[in-house]
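My questions all concern the structure below.
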Amino acid sequence: MHKLVVLYPHPASPDEFRRYYEATHLPLAARLPGLRASRHAFALEGVGAPSPYFCIWEGEFDSAEAMGRAMSSPEGEAVAADVPNYATGGAQVLHFSPIPGRSAS
């Protein structure tokens, strides 16, 4: 499994961000080839300090190669090109393959 995470700083207009993101951007992202699952959240909380982020999106792919193919596809290019339409503060994009851990007791 490979994860793609997008962190969005606080936008100029949170209500406009939320409306556009849910009505337009998420349906566009849902068409990414090979996307196995996705989830998002608004109003993130920091630990011991306010969060510098307003929204997080996480997408799951079978592998780093699958994620790379998705992001270089026409759908992936459309998703990337759409970000300036709602994210006035830009976005931080990260990707990684999680290392299996053990359960906390």
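Could you pull out every residue, at least 5 positions away or on a different chain, whose amide H is within less than 5 Å of the one on Phe54? Hs are placed 1.01 Å off N in the peptide plane, and Pro or chain starts have none.
Tyr8, His10
Name the shape class, rounded, prolate or oblate, that the alpha-carbon gyration tensor gives for the range 22-64, where a ≥ b ≥ c are the square roots of its eigenvalues, rounded holds for a/c under 1.5, and otherwise prolate holds if a/b is larger than b/c and oblate otherwise. Walk me through the numbers on the way to the answer.
Details: a/c = 4.13, a/b = 1.80, b/c = 2.30.
Because a/c hits 1.5 or more and a/b fails to exceed b/c, the range 22-64 counts as oblate.
Along the range 58-66, what does the Karplus equation 6.51 cos²θ - 1.76 cosθ + 1.60 (θ = phi - 60°) give for ³J(HN,Hα), rounded to whole Hz, x for Gly and Pro?
10, x, 10, 10, 5, 7, 4, 5, 5
Going by the alpha-carbon gyration tensor, a ≥ b ≥ c the square roots of its eigenvalues, is the chain rounded (a/c under 1.5) or, if a/c is not under 1.5, prolate (a/b greater than b/c) versus oblate?
Working: a/c = 2.15, a/b = 1.07, b/c = 2.01.
It is oblate, given that a/c is not under 1.5 and a/b is not larger than b/c.
While we're here: Applying the Karplus parametrisation 6.51 cos²θ - 1.76 cosθ + 1.60 with θ = phi - 60° to the phi angles of the range 25-37, what ³J(HN,Hα) value in whole Hz is obtained for each residue in order, glycine and proline being reported as x?
6, 4, x, 5, 5, 5, 8, 4, x, x, 5, 8, 7
With point charges of +1 on the Cβ of Lys and Arg and -1 on the Cβ of Asp and Glu, referenced to the Cα centre of the chain, which listed residue (His2, Ala81, Ser103) lies farthest in the positive direction of the dipole?
Final value for the positive-end residue is Ser103.
Between Glu22 and Ala49, what length comes free when the chain is fully extended (0.36 nm per residue of separation minus the Cα-Cα distance, one decimal in nm)? Spell out each step's value before the answer.
Details: separation 27, 0.36 × 27 = 9.72 nm, distance 2.71 nm.
Computed gain between Glu22 and Ala49 is 7.0 nm.
We did not get these values from a lab; they are worked out from the coordinates using the rules stated. Values in this document were obtained by computation on a predicted structure and should not be read as measured data. Every residue, glycine as well, gets a Cβ built from its backbone with ideal geometry; the counts of neighbours run over all protein chains shown.
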